[in-house]
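These notes are about the structure you will find just below.
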C-alpha cells in the first residue's frame, strides 16, 4: 500500500493550483471587434458604390431619413443641361430611356417583391424625363418609391 499512496501524492503535486481571479483576455475581444469593423465597412462601401457624385440632389427642408437599405435598388438620374437630356443609371448600367429600365426592374421584383426603389435625381431633371422612370417602376410592380434629397441647398 505505501506504493499506492506515493503515486497519489505525486499526481497532486504536478497539478497547477486553480486560479483565484481569472484575467480578462483582450486578444479575443480585439479579434471580434476587427471582424465587426470589416463587416460594417464592406456593407457601407457597397452602398457608396451605387451613388453617382455628379448628381446634385434637390433640397427638401422637411425631409425624413429612410430606414435600412436592405431590399432597395438605387436609380441615379443625371441631367445634361447643354443637351437638355438625362441619363438613367442603375447598378452601374446606363439606360438611354426608362423603357429599357423596366425589364431590369421586373427581375428585381421577381427576386424580392418588397423591393424599394430609391431615386437619386439631379435637381435640374425635368419632370417630363422623370415621369417615364416612375411609370416604368410602377409597371414593373414596385410599390415603394423614395426620392433622395438633401437637407438644404449647398452654396
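The values are calculated or read from the model by the stated rules, or taken from the named source; none is laboratory data. All values reported here derive from a predicted model rather than from experimental measurement. No Cβ is skipped: glycine too gets one built from the backbone with ideal geometry, and neighbour counts run over all protein chains shown.
Scan the stretch 111-124 and give yes if some residue there is under 25 Å from residue 71 (Cβ atoms) and part of a helix (DSSP H, G or I), otherwise no.
The answer is yes; a qualifying residue exists.
Residues are listed down the side, and each one gets a yes or a no for (1) loosely packed, with under 10 Cβ neighbours inside 10 Å; (2) within 17 Å of residue 146 (Cα to Cα); (3) modelled with pLDDT under 85:
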residue	(1), (2), (3)
3	yes, no, yes
13	yes, no, yes
17	yes, no, yes
24	yes, no, yes
28	yes, no, no
71	no, yes, yes
78	no, yes, yes
81	yes, no, yes
99	no, no, no
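Please give the number of the condition residue 132 fails out of (1) more than 16 Å from residue 147 (Cα to Cα); (2) surrounded by fewer than 18 Cβ atoms within 10 Å (Cβ to Cβ).
All conditions are met except number (1).
If residue 133 passes every condition in (1) farther than 19 Å from residue 79 by Cα; (2) at pLDDT 85 or above; (3) touching a strand residue (DSSP E or B) at 6+ places or on another chain (Cβ under 7 Å) but one, which one does it miss?
Single failed check for residue 133: (1).
Residue check, residue 150 against (1) at pLDDT 85 or above; (2) within 17 Å of residue 76 (Cα to Cα); (3) surrounded by 13 or more Cβ atoms within 10 Å (Cβ to Cβ), all met but one. Which one?
(1)
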